[in-house]
1. Over segment B:1-61, what per residue volume does the convex hull of the Cα atoms give, in whole Å³?
2. Given charges of +1 on the Cβ of Lys and Arg and -1 on the Cβ of Asp and Glu, with all other atoms neutral, how large is the dipole of segment A:6-139 about its Cα centre, in debye to the nearest 20?
3. So for each of B:195-205, B:159-169, B:33-43 I average, over its residues, the number of other beta carbons within 10 Å; can you give me the resulting order with the highest mean first?
4. Hey, for a label at residue B:2 modelled as a point 7 Å past Cα toward Cβ, could you say which residues of segment B:17-53 have their backbone N under 18 Å away?
5. Mind jotting down the distance between the C-alpha centroids of segment A:1-58 and segment B:143-214, whole Å?
6. Towards the positive end of the charge dipole of chain B, with charges on Cβ (+1 Lys, Arg; -1 Asp, Glu), say which of B:18, B:141, B:255 has the farthest Cα.
7. Report, as an integer, the average count of C-beta atoms from other chains found within 10 Å of each Cβ along B:48-56.
8. What average count of beta carbons from other chains do you get within 10 Å of the Cβ of residues in A:21-33?
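FYI, it's all coordinate maths here, none of it is from the lab. From a predicted model like this one, the values you see are computed outputs, not experimental measurements. All Cβ positions, even for glycine, are placed from backbone atoms using ideal geometry, and neighbour counts span all protein chains on display.
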Amino acid sequence: MPEGASLKGRALVRGTAQAGALTSDEPLSFWGGYDQLTGEIIDRRHPLSGENSAGKILVLPASRGSSTTAAVLLEAVRRENAPAVIITLGTDRFLTLAAIVAEEMYGRTVGIVSVDATGFASLAGASEIKVDDDGTVTRID
Amino acid sequence: MTLQLSDKDRAFLDGEHGPAGRFAMSILVRMAEAQDASAMLDISSAHIDSTVYQGEATMEFAEHLAGLGGKVLVPSSVNVSGVDQEGWKDWAVPEDWAMKAYRQMQAYQNMGCTPTWTCAPYQTAMRPHFGQQIAWGESNAIAFANSVIGARTERYPDLMDICAAITGRVPALGLHLDENRHGDLLLRLVDVPLAVQQDDTFCTVLGYLMGKIAQERIPVIEGVAVEPSEDDLKMLGAGGASAGAVALFHIVGVTPEAPTTAAAFGGRTPTERHDIDLATLREARAELTTGLGETVDMVAIGSPHFSLAEFKQLVPLLAGRRRSDNVEFLITTSRMMRALAEQAGLLEPLREFGARITVDTCILTTPMLPDNIKTIMTNSAKYAYYSPGLLNARVVFGGLADCVQTAVAGKVERDDAVWGA
């Protein structure tokens with residue numbers, strides 16, 4: 001996707017942000033893969049290992065593995081170390097659930113946007129992304 | 001697709017079953033809408049993985065629901081917690097953590113959950129039956145319930161499982177529906193020697209490989225020439241649910257929905273075929289080890305929780321021997337399995353060997369290990385997969401006999417002959 005072009009995703013949990021992006025085509029288990037105390041990605045087998053995604057726009061195909069992924073994301077929200085928005089390829093119920101509970105419990109939003117395969121591919125390698133409340137995703141850089 | 005709610009669902013949303021019921025149903029309905037479900041369906045049991053303590057958020061969530069008067073509507077077992085209620089002081093668990101994890105345990109018991117505290121609920125009296133609609137959390141338990149028993153559950157996130165238990169309802173989706181339970185891809189064992197298939201790490205390695213290849217899809221495995229035990233299948237599912245998100249697998253001739261390859265695929269054509277030979281398996285097995293050196297600080301086994309049958313396999317391997325002073329030997333299991341092992345006279349030889357037992361939890365879910373544990377040997381794909389990230393530890397993978405031998409020798413001693421090294 002050229003810079004400045006937009007695609008329409010589906011806002012599963014509405015959120016708005018413009019921030020640095022971290023993108024990968026590898027799924028990530030947040031349990032054992034995401035440090036809720038810092039926002040660092042700590043799955044040493046994952047390509048984003050060592051990156052800090054707090055406040056960023058995290059683009060992943062899906063979560064993976066453990067059911068505890070939702071709890072890790074909820075704790076990260078509580079500690080303000082969660083990504084601002086997570087964009088997934090299709091609906092990821094673990095991340096969506098955590099974001100819904102975070103809203104209900106803490107009144108804080110992590111936007112969750114699902115995009116299709118073409119949209120997902122067009123975000124590969126993006127360094128900055130803007131997400132609107134209605135699920136519109138714009139690649140800035 | 002528009003979500004059709006039943007009168008029962010609306011009664012929950014309207015608060016007729018109290019504020020906890022309304023809270024739980026509103027989350028379930030938002031999830032049903034996000035996933036395009038057209039209806040909700042009844043479940044008759046739940047396994048609650050929300051018990052895993054991840055910090056104050058999980059405790060606050062549990063206490064919030066319990067404080068709203070939440071009670072489970074269906075029989076609900078509980079997964080591991082964040083603390084071995086009675087034994088935590090023997091380890092490095094900070095007191096603040098123990099107290100909060102204990103509060104979280106209490107909240108789930110107050111909501112009427114049965115205190116099983118195990119990640120292997122399928123090896124308790126609360127095991128579901130074929131075809132039963134259930135809402136289970138804990139990735140390995142989900143894989144086992146769907147695949148080995150033929151019960152029907154989606155892969156539920158923590159926090160959602162308790163909402164299902166409180167309302168007895170879930171979105172009618174995915175693996176709850178027969179038409180979504182057929183295989184997607186075929187994994188065919190090709191020329192894998194019988195001796196390898198009989199090795200006690202075979203199913204664990206195969207599960208890890210299955211997870212890597214299948215990710216969240218449904219794999220069908222063909223060509224298994226041995227009869228895997230329940231514990232073998234438990235290890236296989238745990239590997240698949242760690243390296244991938246496998247919630248249902250079929251093994252032709254072994255699991256109940258796969259009498260034949262055609263039946264496992266429901267007449268459809270596999271979207272992918274993968275041949276798995278000895279070299280592929282050997283490579284996967286090697287990946288489970290991240291730190292093959294001389295030294296090991298601890299042997300940790302029992303993920304998923306050690307069963308009575310596994311205690312019976314272990315005891316003859318270590319009877320009359322003694323672990324090296326340099327290698328801790330830890331078994332993680334449930335209170336119930338420990339009691340059964342005690343009754344069977346299996347704990348005395350373990351004590352003489354120098355083994356220790358932790359219940360209610362595991363090394364991944366409670367901060368029990370002291371800092372000097374840098375390298376862990378295990379026969380578990382789940383411990384092997386998660387320990388590097390969660391515990392910052394190196395891992396050596398091996399069979400049960402290798403684990404015992406290493407603990408005795410005080411350094412890594414694996415017999416890999418059957419794998420052709």
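1. 104 Å³
2. With Lys and Arg at +1 and Asp and Glu at -1, about 60 debye.
3. Answer by packing, highest mean first, reads B:159-169, B:195-205, B:33-43.
4. Under 18 Å, as judged by backbone N against the label point of residue B:2, lie B:29-30, B:32-40 of segment B:17-53.
5. 27 Å
6. B:18
7. Mean number of neighbouring Cβ atoms from other chains: 5.
8. That average works out to 3.
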